[in-house]
Amino acid sequence: MPLYLPIAELSMNIFLVVAMGGAVGFLSGMFGVGGGFLMTPLLMFAGVPPTVAVATGANQLTAASVSGAMAHWRRGGVDLKMGLVLTAGGAVGAFVGAFLFKLLRAAGQVDLMISLAYVLFLGAVGGLMFVESVRAILRARAGTPPPMKPREERHKAWIHKLPWKMRFKKSRLYISALLPLGIGFVVGILSSIMGVGGGFIMVPAMIYLLGMPTGVVIGTSLFQIIFVTALTTIFHSVNTQTVDIPLAILLLIGAVTGAQIGAKVGMKLKPEQMRALLALIVLLVGLRMAVDLVIEPAELYSISDMDGAEERP
Amino acid sequence: MKRWLGLLALLALTAPASALVTDISERRIEIRYSFNGADLILFGAVGSTVLGSDTSGIDIVVVVRGPEAPTKLRRKERVAGIWVNHGSLTLPSAPGYYAVAANRHLADIATPEIFTASGIGFSNLRLAYAGGPGKAEAAPEFLKALKRLRAEDGLLREELDVVKIIGEGLFRTNVRLPANAPVGQYQVDAFVFQEGRLQARNRIDMTVDKEGFERAVYSFAHEWPFFYGLTAVVIALLAGWVAALVGRR
């Protein structure tokens with residue numbers, strides 16, 4: 001059953017779109033990730049203009065993170081104060097990112113920026129995750145326990161020198177507000193130029209840089225993602241009119257259903273195996289995007305309106 | 001169908017009896033939109049000529065031209081190993097849609113020179129481009145690409161739609177408008193040829209406005225972008241909330 005997507009300006013099969021949402025939802029439920037870094041590339045591979053894929057992907061993520069954050073909230077897994085500081089940084093980042101997005105779109109280079117950002121981040125994060133998980137698997141086989149650092153040593157000296165210290169009771173931290181603001185800012189930029197929640201950057205940063213207890217990391221990052229993706233959606237709507245609501249609705253129907261199934265399957269897998277598998281998927285998506293940049297495209301020309309809107313990829 | 005026949009009969013009766021020029025005396029345009037576009041239904045009648053009511057051996061060419069808009073073409077080039085939008089050509093004004101329909105092959109109706117002189121056919125539009133003489137060398141490649149891209153999108157249709165001559169100088173044609181056809185002012189030009197010579201031409205202005213759900217979403221997004229974004233967020237929040245409630249059970 002074809003549906004004309006009014007903003008993406010192409011007809012797509014409704015069931016195909018729901019299935020795409022379902023597949024990404026399944027993976028995100030299984031691995032406990034947002035899935036934006038899979039959804040946006042998948043939409044681009046399916047022929048949706050990259051700008052629409054990014055903006056609509058961000059919109060769809062709001063829904064995914066609300067249900068996740070609510071579950072963590074109920075069991076006390078959200079540090080509200082930390083979440084708000086991260087959101088403040090994220091709001092500024094999303095605004096800057098959306099502005100950059102608009103400028104590059106007018107210059108005809110936004111698709112390139114999106115692809116480069118994906119290749120860079122998916123390559124780096126996928127590579128690090130893969131190495132780490134393979135080590136963990138090898139350690140588990142050898143039977144040696146993972147090295148533990150005492151909590152006091154988690155912070156580097158320069159972190160204690162930063163001004164504007166704030167107390168975060170739930171995370172049992174007394175650190176500079178600049179750190180979560182900075183992390184939020186970076187994640188906000190990524191959200192608006194890549195259509196991702198940014199959990200893959202934020203979660204490691206919260207654990208290793210801030211030294212937050214793992215129990216509140218996921219819930220707090222999801223809390224931030226709700227607001228930042230919501231702001232990203234509004235910024236893109238206002239700046240470039242690239243949010244496709246019908247597309248987002250179809251995707252989230254699939255994603256929400258897929259996530260429930262994925263979560264059940266995920267419980268049966270060992271964490272380090274799951275991380276290795278996710279790392280492989282991330283690397284594959286990054287590789288595919290890199291290949292698209294390097295091989296000669298079938299069509300070298302494209303038409304754009306004068307405001308820079310790409311009519312065709 | 002009965003309705004059309006009735007209308008045609010009416011047209012035949014009301015066609016000017018002693019007009020000096022052949023023209024399209026009546027027309028009816030109807031656009032029905034669905035997910036995959038619309039058909040532009042066009043009727044016309046060729047009136048009597050000074051030579052009498054000799055409408056035998058006439059050929060009809062209909063040109064539908066969409067709203068003019070500044071258009072930018074970009075070309076990818078390999079820069080440092082990756083393909084990047086590099087060159088571009090700006091057309092200050094180009095039709096967003098262009099279709100030529102005829103009752104038979106254009107080549108059989110008249111010579112290319114005649115079509116060039118009367119500006120029939122996308123290649124005969126002589127589109128202006130910005131950039132001066134430096135751009136002139138690259139322009140043909142860009143214009144070829146424009147033709148190709150527009151044709152792929154269904155926005156350039158040359159000789160894909162057929163004009164049907166029903167008889168007595170009456171004709172009808174269905175011209176395909178894809179779902180991505182731009183809205184705005186369209187011009188429908190009808191040309192009457194007889195024995196390879198252009199006998200008469202007539203222009204109708206019409207406005208194409210899309211209706212339906214898709215169009216409503218598009219208009220909402222472009223006219224009220226802030227509230228559109230807000231709506232998108234509210235929908236996503238509600239969906240997430242409902243999913244959380246369902247997932248809890």
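The values are calculated or read from the model by the stated rules, or taken from the named source; none is laboratory data. Just so it is clear, the structure is predicted and the values come from calculations on it, not from any experiment. Reconstructed Cβ throughout: ideal geometry from the backbone, glycine too, with neighbour counts over all protein chains shown.
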- Return the only residue of A:215, A:258, A:286, A:266 being under 30 Å from residue A:1 (Cα atoms), touching a Gly at 6+ places or on another chain (Cβ under 8 Å) and either without any contact (Cβ under 8 Å) to a residue 60 or more places away in the chain or more than 8 Å from chain B (Cβ to nearest Cβ) (or both). A:258
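Matching residues to (1) more than 24 Å from the chain's Cα centre (by Cα); (2) small (Gly, Ala, Ser); (3) assigned by TED's automatic domain parsing to the domain that holds residue B:98:
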residue: B:193; (1), (2), (3): no, no, yes
residue: B:198; (1), (2), (3): no, no, yes
residue: B:201; (1), (2), (3): no, no, yes
residue: B:224; (1), (2), (3): yes, no, no
residue: B:237; (1), (2), (3): yes, no, no
residue: B:241; (1), (2), (3): yes, no, no
residue: B:247; (1), (2), (3): yes, yes, no
- Message: Quick check on my filter: what residues within the range A:103-114 are surrounded by fewer than 20 Cβ atoms within 10 Å (Cβ to Cβ) and in a helix (DSSP H, G or I)?
- Response: A:103, A:104, A:106, A:112, A:113
- Note on the structure: Over the range B:84-138, the set of residues modelled with pLDDT under 85 and charged (D, E, K, R) is B:126, B:135, B:137
- Query: Which ones in the range B:194-218 are more than 9 Å from every other protein chain (Cβ to nearest Cβ) and part of a helix (DSSP H, G or I)?
  - Reply: none
- Note on the structure: For residue A:41, the lone unmet condition from (1) in contact with a strand residue (DSSP E or B) (Cβ under 8 Å, 6 or more places away or on another chain); (2) modelled with pLDDT of 90 or more is (1)
- Message: Give me the residue from the range B:219-230 that is closer than 18 Å to residue A:63 by Cβ and surrounded by 19 or more Cβ atoms within 10 Å (Cβ to Cβ) and, out of that set, farthest from the other protein chains (Cβ to nearest Cβ).
- Response: B:228
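Residues checked against (1) of a type outside the set (S, T, N, Q); (2) assigned to a loop (DSSP other than H, G, I, E, B); (3) within 12 Å of chain B (Cβ to nearest Cβ); (4) farther than 22 Å from residue A:116 by Cα:
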residue: A:15; (1), (2), (3), (4): yes, no, no, yes
residue: A:18; (1), (2), (3), (4): yes, no, no, yes
residue: A:29; (1), (2), (3), (4): yes, no, yes, yes
residue: A:42; (1), (2), (3), (4): yes, no, no, no
residue: A:52; (1), (2), (3), (4): yes, no, yes, no
residue: A:55; (1), (2), (3), (4): yes, no, yes, no
- Query: Hey, any hits in the range B:119-128 for a residue that's touching a residue at least 40 places away in the same chain (Cβ under 8 Å) and closer than 18 Å to residue B:100 by Cβ?
  - Reply: yes
- Message: Where the second residue is at pLDDT below 85 and the first is at positive phi and lies in the range B:170-193, which pairs have Cβ atoms under 8 Å and are six or more apart or on separate chains?
- Response: B:184/B:207; B:184/B:208
- Message: Looking at the structure I just gave you, is residue A:206 more than 14 Å from every other protein chain (Cβ to nearest Cβ) and either under 20 Å from residue A:118 (Cα atoms) or of a type in the set (S, T, N, Q) (or both)?
- Response: no
- Of all residues in the range B:64-102, how many are in a strand (DSSP E or B) and either more than 28 Å from residue B:187 (Cα to Cα) or outside the structural domain of residue B:156 (by TED's automatic domain parsing) (or both)? 12
- Can we say residue A:223 is within 30 Å of residue A:180 (Cβ to Cβ), within 8 Å of another protein chain (Cβ to nearest Cβ), among the aromatic types (Phe, Trp, Tyr) and in a helix (DSSP H, G or I)? no
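Yes/no per residue for (1) of a type in the set (Val, Ile, Thr); (2) under 30 Å from residue A:75 (Cα atoms); (3) in contact with a Cys (Cβ under 6 Å, 6 or more places away or on another chain):
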position	(1), (2), (3)
B:207	yes, no, no
B:214	no, no, no
B:218	no, no, no
B:224	no, no, no
B:234	yes, yes, no
B:237	no, yes, no
B:244	no, yes, no
- Note on the range A:57-101: residues out of contact with any Gly (no Cβ under 7 Å at 6 or more places or on another chain) and outside any helix (DSSP H, G or I) are A:75, A:76, A:79
